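Shown next, in structure tokens, is the structure this report addresses.
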Amino acid sequence: MNFVQIQIQRQVMASASTGSRSPRLGRPPRGWVRKNLHIDQRKLDTARKVLGVKTETETVDAALDAIALREELTRGIRRVRAAGGLKDIYKD
């Protein structure tokens, strides 16, 4: 799943939670699983504020989206660099 797919999935979830579609009866979207995690509450609260989301589930989802985006960007930069498109200014 890439960043665009993740963004579309988040938009579908947001529209479903606002009632713009038929009620979901509390069921998560396809592909979602329930997890019980031990998480530092202070970090979760900070992440929720930084990410601008309301719930803890949205916080974890948005944080995972950010990590997925970072990985996509890293791979893209490596490909461009391998093709000779970027100069490594940190290389000796």
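Assessment of the range 30-47 against the conditions (at pLDDT 75 or above, of a type in the set (A, V, I, L, M, F, W, C) and not in a loop (DSSP other than H, G, I, E, B)) yields at least one matching residue.
Could you say which residue among K54, K87 is at pLDDT 75 or above, charged (D, E, K, R) and not in a helix (DSSP H, G or I)?
Details: K87 fails: at pLDDT 75 or above.
After applying the criteria, what remains is K54.
The C-beta contact set for the range 70-92 (first residue in contact (Cβ under 8 Å) with a residue 60 or more places away in the chain, second residue assigned to a helix (DSSP H, G or I), distance under 6 angstrom, 6+ apart or interchain) comprises E72/F3.
Within the range 54-92, being within 30 Å of R42 (Cα to Cα), in contact with a Lys or Arg (Cβ under 9 Å, 6 or more places away or on another chain) and surrounded by 12 or more Cβ atoms within 10 Å (Cβ to Cβ) holds for E56, E58, T59, V60, D61, A62, D65.
The values are calculated or read from the model by the stated rules, or taken from the named source; none is laboratory data. For clarity, every value in this text was computed on a predicted model and none was experimentally measured. Cβ atoms come from the backbone with ideal geometry, glycine included; neighbour counts cover every protein chain shown.
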